[in-house]
Amino acid sequence: MSFDLSVFSNKNIILAVTGGIAAYKSAILVRRLKDYGFNVRVVMTKGAQSFVTPLTFQALSGNSVHTELLDPEAEAGMGHIELARWADLILVAPASCNTIAKFATGLADDLLSTLYLATKAPVWVAPAMNQQMWAAKATQRNLNTLVEDGVHVIMPGAGSQACGDVGLGRMPEPEDLAEQVKNYFHQAQRAIAEKFGLLAGKRVVITAGPTREAIDPVRYISNHSTGKMGFAIAAACYSAGAKVTLLAGPVSLETPNGVRRINVSSAIKMLDESMHQLEEGCDIFIATAAVADYRVAEVSEHKIKKAGDELNVSLVKNPDIVATIAQQDKRPFMVGFAAETRNVEEYAAGKLVAKKLDMIACNDVSRADIGFASDQNAMVVFFAEQYQMEKRDLEKASKQDIAQQLVEAIHDALHHEIEPV
Ligand code: C5P
């Protein structure tokens, strides 16, 4: 099972390659963008195909390459309008002076120039050309027009050129370009978080409270969990801009404002509902529920009558909800909890790995002043090794304060800087 650390797995980049010797650098650019987790589709002009084959880009991007405006086969898959809508950013690298001129005048005689007119996504161009062509009045005039039209022009570097000249016109290195794209999306995410909350737009599912495992129609096995921590986290996630669904075991707590609550009873029901929520769409799964480890093997249809001095009830193991969700193909960011009475940190770190979680928050329930029925809590948070994030000590505070700090920890893990592998 591999952890998906890709912060940008929901961001779509069209890399448009035009005719120029720097096109070979764009092959590496695809790799670097993919390393950051972006979805990449490549569009090539006719000129570009004289330098590098579409097959190269197909293999590197994992998607078929778009070359024709009116190819019936391509249009049946993803037509130019869909492609224009799919993109979160169009990066033209290298951008030839011909393409720049087309953009500046609004010509639409091939796929790329049509996309340019049809998209609402930001467009970046990285011009690369002979220094004389770069300096030409027409090129500079066209670039000024592009800037006025809102296109971001990435300045070429100076140095020796493939044609033997020395001067301005070299395409920046693929690593630099990929980093600029990454920084752009990081900044955009930060701006969204500042305006709409740390978990703006995220779909969060939280399990909370105990589960109740029936013995017969009137008796059950359960535990002392009150659900307070899970409910506080649900409220904090909602305040942070998330869409929150709370799968609540039997507890007597009021549903936090703005939160969708679904009451469940047994562990099996909680798992069923969790899987259902996963299908509906879930970005973050937070398992605070104190799920009964065992359930009664055969629930009696009728009330068991008092008879004899002993009653034997056979129990079978319940499924592990959080571990089951963590094993799914499109798994959300997984947060677990561990309540321990000894070796708290050691056991929690073990569960983080065993259950394939991204983050685990653990507390010492042997302490009388925190945990279960208390209004206060103190926790230590661990992140999966891949995040390379230090553990965090959340000092004793109200469950609301702790919930807020957990939201911050989730946000930080989701948006931490990752280096390309
Ligand atoms: O293994 P343990 O019960 O200590 O692990 C605690 C974590 O696992 C909590 O996040 C809890 O909600 C989750 N869990 C679960 N399903 C189970 C048991 C625990 O989701 N059957």
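Quick check on residue 407: is it away from the ligand (no atom under 13 Å from the Cβ) and not small (Gly, Ala, Ser)?
The answer is yes for residue 407.
Please find, within the range 288-318, the residue that is nearest to residue 208 (Cα to Cα) out of those that are loosely packed, with under 15 Cβ neighbours inside 10 Å and near the ligand (Cβ under 9 Å from one of its atoms).
Among those residues, the one meeting the criterion is 293.
Anything in the range 243-261 that is surrounded by 15 or more Cβ atoms within 10 Å (Cβ to Cβ) and among the β-branched types (Val, Ile, Thr)? List them, or say none.
The answer is 244, 245, 251, 259.
Hey, among the residues in the range 321-345 that are among the acidic types (Asp, Glu) and in contact with a strand residue (DSSP E or B) (Cβ under 9 Å, 6 or more places away or on another chain), which one's farthest from the ligand (Cβ to nearest atom)?
345
For the range 172-195, indicate whether the set of residues that are surrounded by 18 or more Cβ atoms within 10 Å (Cβ to Cβ), of a type in the set (Val, Ile, Thr), in a helix (DSSP H, G or I) and touching a residue at least 60 places away in the same chain (Cβ under 8 Å) is non-empty.
There is at least one residue in the range 172-195 that is surrounded by 18 or more Cβ atoms within 10 Å (Cβ to Cβ), of a type in the set (Val, Ile, Thr), in a helix (DSSP H, G or I) and touching a residue at least 60 places away in the same chain (Cβ under 8 Å).
Among the residues of the range 356-400, which ones are among the basic types (Lys, Arg) and under 19 Å from residue 223 (Cβ atoms)?
If the condition is that a residue be among the basic types (Lys, Arg) and under 19 Å from residue 223 (Cβ atoms), then 367, 399 are the ones that fit.
Among strands (runs of 3 or more DSSP E) lying entirely in the range 222-321, which contain 1 or more residues that are in contact with a Cys (Cβ under 6 Å, 6 or more places away or on another chain)?
In the range 222-321, 243-248 are the strands (runs of 3 or more DSSP E) which contain 1 or more residues that are in contact with a Cys (Cβ under 6 Å, 6 or more places away or on another chain).
Which of the residues belonging to the range 268-280 are over 18 Å from residue 335 (Cα atoms) and either crowded, with 17+ Cβ neighbours inside 10 Å or within 12 Å of the ligand (Cβ to nearest atom) (or both)?
Once the filter is applied, which keeps residues that are over 18 Å from residue 335 (Cα atoms) and either crowded, with 17+ Cβ neighbours inside 10 Å or within 12 Å of the ligand (Cβ to nearest atom) (or both), the range 268-280 yields only 268.
Quick one: in the range 48-76, of everything that is part of a helix (DSSP H, G or I) and touching a helix residue (DSSP H, G or I) at 6+ places or on another chain (Cβ under 7 Å), which residue is farthest from residue 10 (Cα to Cα)?
48
Readers should treat all values here as calculations from the given coordinates under stated rules, not as data from a laboratory. Every value quoted in this text rests on a predicted model; they were computed, and no experiment measured them. Note: ideal-geometry Cβ built from the backbone for every residue, glycine included; neighbour counts use all protein chains shown.
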